[in-house]
Amino acid sequence: MKNIKLLLVAFVSGMLFNACSTDFEVAAPYKEIPIVVGMLNKSDSIHYIKVNKAYLNKDGSAYTAGSVLDSNLYPYPLSVKLYAFNAIGVAIDSVSLDTVHLAKDPGTFQTNNVIYATPPYKLRYLSAVNKDTVWASYRVIVRRASDHKYIASSSCNIVGELRFKTTPREIDLYNTIPTASLPEYKLQTMVWYAPRNGKRFSSLLRFRFRVQNDATGEDYLDSVDMQLMSNKRIAVNETNSTISYILSGQAFYTNLQIHLDPLPSAYRRVFVAPLEFHFEFAGEELDTYMEINNSTVNLSDVTPEYTNIDGGLGIFSSRTRKKFNDIKQVNLSLNSISGLKNNSIVGRGAGANDLGFR
């Protein structure tokens, strides 16, 4: 938040000091302002950092200036390096990034897209505390290659592992013989441990099945996604913070009916186990960036800005993705599978809207 306050103070002070002037200079003298963007992921084997320059053209078209090579690219070679630090702040590892040129679609702006990439490199793992993984923190430093002159830097912590707490092996969502005390649909509570340094997340449930044609032998894999949680923030970031979700049987089957059409009579759908739970987590810096840029401000407020780049602008943070059937398989219960075939939303009980699960 320190960077935000400084930007706000500078902006407001500039407005006050120049309020009575009629010859305010919009474009200041030329200055290189580095833009650094990077997202580290402990699951990746190659890590990318984007380094550009910001520019402001005092005379003429900004589009024209943007087509000039050194408007947004450094005209001299850069040294971009990642450093790993242990829990007490001692550097334990480092890796240099190489220049990679990626082609961009033709347009007004420079088509020479420069990215800095590590060689194959796994982020450093430090320890495990009660099955909770602890990773090294990382700092990126950008220098001029010729004389090692400092340009910009930033630090971030690495988002750790998401772990099961009480998610069962079988998800039970349906009663085959409903009664007054046992309604047709059930609720299934699932709880996970939030990852260390994870601050914002989204998750979905992926349901896989095969589509088969008994007459022709045609057979292919298909799936339907159900959004569970979207863009949620974790209130605290301590070890063993938990995330819980109550999956409704009625919502699960209704989601299938919304996204699937009934099949021709020769076709059928066959459930494929296991269920897939997909999570995406953002680190603290990325969470702050998203929170500020998505915030609603009044017309009288100054729109806040955020950067965690020392000496420049941009964002350097961590994120992770997790697919849970990689470590623990979760299946539908036999009752829930029966609901695919027979209930009043997706099964034979749905009549003309029967989705053909057999």
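Remarks
- Near Cys156, once Lys and Arg are set to +1 and Asp and Glu to -1 for all other residues with Cβ below 9 Å from its Cβ, the sum equals -1.
- Ala103-Val191 FRET efficiency (beta carbon distance; Förster radius 41 Å; 0.05 resolution): 0.35
- In order through the stretch 193-202: 3J(HN,Hα) via Karplus (6.51 cos²θ - 1.76 cosθ + 1.60), integer Hz, x for Gly, Pro: 7, 5, x, 4, 6, x, 10, 8, 8, 9
- Estimated distance in nm for a label pair at Lys50 and Ser244, the labels positioned 7 Å out from Cα along Cα-to-Cβ: 4.0
- Summed over all non-identical Cα pairs, the Kirkwood treatment of the stretch 139-196 gives a radius of 16.6 Å.
- Phi angles of the stretch 215-224 translate, via the Karplus equation with coefficients 6.51, -1.76, 1.60 and θ = phi - 60°, into HN-Hα couplings of 7, 9, x, 4, 8, 8, 8, 9, 7, 9 Hz per residue; Gly and Pro are given as x.
- Ile171 long-range amide H proximity, modeled H, under 5 Å: Asn331, Leu332, Ser333
- Cross-link pairs Lys81/Lys232; Lys31/Lys199; Lys199/Lys323; Lys53/Lys122 - those with Cα-Cα distance over 25 Å: Lys81/Lys232; Lys31/Lys199; Lys53/Lys122
- Rounded to whole numbers, the Karplus 3J(HN,Hα) couplings from phi for the stretch 144-157 are 6, 5, 5, 10, 6, 5, 5, 10, 6, 7, 6, 10, 7, 9 Hz, using 6.51 cos²θ - 1.76 cosθ + 1.60 with θ = phi - 60°, and x at Gly and Pro.
- In terms of overall dimensions, the C-alpha atoms belonging to the stretch 134-257 reach 75, 45, 21 Å along their principal axes, ordered largest to smallest.
- Ranked by how many other beta carbons lie within 10 Å on average, peptides 177-186, 118-127, 153-162 from highest: 153-162, 118-127, 177-186
- Full extension of the chain segment joining Leu263 with Ala180 gains 26.5 nm, where the gain is 0.36 nm per residue of separation less the Cα-Cα distance.
- Close amide H partners of Leu228, meaning residues 5 or more places away or on another chain with modelled amide H under 5 Å apart, are Ser203, Leu204, Leu205.
None of the figures in this text is laboratory data; all of them are computed from the coordinates on show. As the structure is a prediction and not an experimental result, all values here were calculated from the model. Cβ atoms come from the backbone with ideal geometry, glycine included; neighbour counts cover every protein chain shown.
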